[in-house]
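Input: a single structure, listed below in structure tokens.
The values are calculated or read from the model by the stated rules, or taken from the named source; none is laboratory data. It should be emphasised that the depicted structure is a prediction, and the values quoted were computed from it without experimental measurement. Backbone-built Cβ (ideal geometry, glycine too); neighbour counts: all protein chains shown. Ligands, DNA and RNA are excluded from the accessible area calculation, which covers all protein heavy atoms including side chains. Shrake-Rupley method; radii C 1.70, N 1.55, O 1.52, S 1.80 Å.
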Amino acid sequence: MTAIIDYDAGNLRSVAKALAYLGEEAVITRDREEILAADRVILPGVGAFGDAMEKLCRYGLDQAVRQVAQRQIPLLGICLGLQLLFESSQESEGVDGLGILKGKILRIPETFGLKIPHMGWNSLDIRPGTRLFDGIEQGAYVYFVHSYYLKAQQESVVAASTEYGAHIHGAVEWGNVYACQFHPEKSGQTGLRILKNFCSISGGHT
């Protein structure tokens, strides 16, 4: 069973719907025990970094997510969910992220001819051998909606990247922690394959 963390984020239902389409059992919850008992956990998100962190902390879900990571339960961050896994964001100066991974969230620079927020399909430069992108061809297109992007501290955690006014770290893999800046639930068959790959990962409850 997959637990989708409910902290009033915007794309919970679409993620749950995509998992249901794949035949995967999922529950939308903010119950800590239910989250920690799940086979895998998804942290979705649409909105502002500071507001999201405030809600995670208010519901006590910040510690729950950290425990998921510590217990080696497979964890997938999506869009804002990816950003929250890192240390800080230029969107909300002075607000600490979850700090599970090292890196910062930066604003996409103003670039002639490029609109911000970035809304649309971009191709991915995929690092070979990643679990999230198993069976997905190099250069596959996925759907992005964001104004801020990840600059990970260590290139070794970056599973896929793209270009949009900057070199954007579009997905990460580190131990049991996975994340996508793009929306797999809105990325057609490629996105469904990514979600299916994630749901095939097993982890521990140590």
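When we screen ARG13, ARG71, ARG40 for residues that are of a type in the set (Lys, Arg) and under 21 Å from ALA171 (Cβ atoms), the only hit is ARG40.
Yes/no per residue for (1) farther than 22 Å from GLU185 by Cα; (2) among the aromatic types (Phe, Trp, Tyr):
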| site | (1), (2) |
| --- | --- |
| ILE78 | no, no |
| LEU84 | no, no |
| LYS102 | yes, no |
| ILE116 | no, no |
| LEU132 | no, no |
| ILE136 | no, no |
| PHE144 | no, yes |
| SER147 | no, no |
| ALA152 | yes, no |
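I'd like to verify a number: residues in region 1-13 that are free of Cβ contacts under 8 Å to residues at least 60 places away in the same chain and either farther than 21 Å from GLY203 by Cα or open to solvent by 30 Å² or more (accessible area, probe 1.4 Å) (or both), how many? Count: 7. Considering region 63-76, the residues that are assigned to a helix (DSSP H, G or I) and open to solvent by 20 Å² or more (accessible area, probe 1.4 Å) include one that is farthest from LEU195 (Cα to Cα), namely GLN63.
Here is the figure for region 14-51: residues that are within 15 Å of LEU192 (Cα to Cα) and open to solvent by 70 Å² or more (accessible area, probe 1.4 Å) total 3. Looking only at region 80-95, which residues are of a type in the set (Gly, Ala, Ser) and without any contact (Cβ under 8 Å) to a residue 24 or more places away in the chain? Those that are of a type in the set (Gly, Ala, Ser) and without any contact (Cβ under 8 Å) to a residue 24 or more places away in the chain: SER88, GLY94.
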